[in-house]
């Protein structure tokens, strides 16, 4: 399922924002080995009108639900310099993206690929990251009597807690439950982390009013009703940047002339 996040929006009627790390890889050739992971966020239909997609990359997705920012992230694993650079770049980009938003609360979570109980080279950097954006990790809310492993390798028996949630300080005391769902129906090597938190009631006063007879009508964009002139302008701008190999055209012209001369009777 990790390489099929683009199919998630067909699972149910909820709105799905997703991005796959496979797009860039398969654009350069055939994939060899295990597929890469993507990220996705589900939003209920009744929140669709007040939800905006802010940023979707191969490593993270940011959405704004009214005045609550939700970030789902998949950070790289490893300890070498290139991985650490990618790790810091990803967190820095998230900080820059949300710094331009007007919001009240923030929910941040995902596969961070770091167990806070290990000596990972990026552990201190990650632990200091929440203070930059005003959030706090909620790992201390996990039930101490249950397993805190979110990732397992059956072949070796290795286990670690590398999936984490963090929330704004104003939401920390509103957390009802944080748990790790270890279910037999889960075929992934990751166990889902469940965060149950009470958020302020969203204000739907800005929701557009619709007449009763149009409430069940599905709205969509029609290609035959689009702005044709705008399409021409965009197409020209995109195609005009492509370099045309004119030297190949001149070579073809010389070959045609030579062929015509060769076919003339002496």
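Derivation of every value follows stated rules applied to the coordinates shown; laboratory data play no part. All of these numbers come straight from a predicted model, not from anything done at the bench. Neighbour counts run over all protein chains shown; Cβ positions are idealised from the backbone, glycine included.
What length, rounded to one decimal in nm, is gained on full extension from residue 147 through to residue 169, with 0.36 nm per residue of separation minus their alpha-carbon distance? Please list the in-between numbers first.
Numbers: separation 22, 0.36 × 22 = 7.92 nm, distance 2.56 nm.
Full extension of this stretch gives 5.4 nm more.
With the crude spin-label approximation of a point 7 Å out along Cα→Cβ, what separation in nm comes out for residue 96 versus residue 67?
Here the modelled spin labels are 2.8 nm apart.
Taking the mean number of other Cβ atoms within 10 Å as a proxy for protection, how do you rank 65-71, 81-87 from highest to lowest?
My ranking of the peptides, most packed first, is 65-71, 81-87.
Simple spin-label model, 7 Å along Cα-to-Cβ: residue 121 to residue 57 in nm?
Computed distance between label sites residue 121 and residue 57 equals 2.0 nm.
Which number comes out as Rg/Rh for the range 32-113 once both Rg and the Kirkwood Rh are worked out on C-alpha atoms?
1.02
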